[in-house]
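Here is the structure we will look at.
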Amino acid sequence: MNGLLCFVMAFCSVCVLMGGILSLSPDGAFEKPIKYVFALIFVCCIFSSLLAIGKIDFNIDVSGENGYVSEETVKAQAELLFSNALEKNNIEFTKITVCTDKLDDKSIIISKVIVYSSHSKEDIYEVLGQSDTYEVIVINGE
């Protein structure tokens, strides 16, 4: 974000400065050469400020104030992941509930995934898989 801010500041500063100096420039025989020099200076300033854009950091910090991701964020991401997996395999469901546990080291693990669907348990187990870290529970008819 700092690179973008530098570019905008440089662009606005150059525009204001060049406009002020151009209004003070003489008319007549020296008008065209002075405009060319100003245009060259303007282009150089824009290119140099464009180099700062390459330094923009596009990484987004999703952690909370203390450096850890919230439990709600983990639940939402897991629900989205499991629902996308079921939708890609044409398994209809009404609701997915993810249960999480927070460990002593403040890490968050998924303990249960509850799927409300009329499809067979075997189909859902095949898509979501069975894991040692979480249990998949299928509730039919809701």
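The values are calculated or read from the model by the stated rules, or taken from the named source; none is laboratory data. No experiment lies behind these values; they were computed from the predicted model shown. Neighbour counts are summed over all protein chains in view; Cβ atoms, including those assigned to glycine, are modelled from backbone coordinates with ideal geometry. Ligands, DNA and RNA are stripped out before the accessible areas are found, and what is left, the full protein with its side chains, is counted by its heavy atoms. Shrake-Rupley method; radii C 1.70, N 1.55, O 1.52, S 1.80 Å.
Net length available on complete extension from residue 47 to residue 109 is 17.5 nm, with 0.36 nm assigned per residue and the Cα-Cα distance removed. The mean of 1/r over all distinct Cα pairs in region 88-142, once inverted, gives the Kirkwood hydrodynamic radius of 12.0 Å. Between residue 126 and residue 27, the simple spin-label model (points 7 angstrom out along Cα→Cβ) gives 8.4 nm.
These residues, 4, 17, go from largest to smallest accessible area, 1.4 Å probe, as 17, 4.
Starting from the Cα of residue 102, draw a straight line to each of the lysines and keep only those under 22 Å, dropping any in the same chain fewer than 8 residues away. Correct list for residue 102: 75, 112.
Each DSSP beta bridge with both residues in region 76-142 is either parallel or antiparallel, and the antiparallel ones are about 60%.
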